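Heads up: the structure comes next, in structure tokens.
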């Protein structure tokens, strides 16, 4: 079973609901990313940041199965770069298999996907 079959919504919809219910997760994601940038990191892994938060920060969430669902990692990176567009080059974005090209994304001439 995939996410949509299990949850009756897309990963994007699940992330939006999760983020609305758990803004503390993004605040931690933001803090960790800004610390990594300040330390001189050239690239940031959203997976690494989420795992760091999961294991090293005392945060809880409304999700009864997972503190932070791995399916949301790339959405946190996209949210971060929508707030801090100057750091868009810190992450590598690819088209998500579960999403079609839509009004919320564009493909740059470099092939990099930009999210609005």
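Read-outs throughout are calculated quantities, based only on the coordinates presented, and are distinct from any laboratory measurement. Being a predicted model, the structure only gives us computed values, none of them experimental. Note: ideal-geometry Cβ built from the backbone for every residue, glycine included; neighbour counts use all protein chains shown.
Using the Cβ-Cβ distance between residue 52 and residue 24 with R0 = 22 Å, the FRET efficiency computed as 1/(1 + (r/R0)^6) comes to roughly 0.90.
The residue 37 and residue 10 beta-carbon pair, evaluated with R₀ = 30 Å, returns a calculated FRET efficiency of approximately 0.50.
With a Förster radius of 41 Å applied to the C-beta separation of residue 86 and residue 1, the computed FRET efficiency comes to 0.55. Ranking of 90, 20, 31 by neighbouring Cβ atoms within 10 Å, starting from the fewest: 20, 31, 90.
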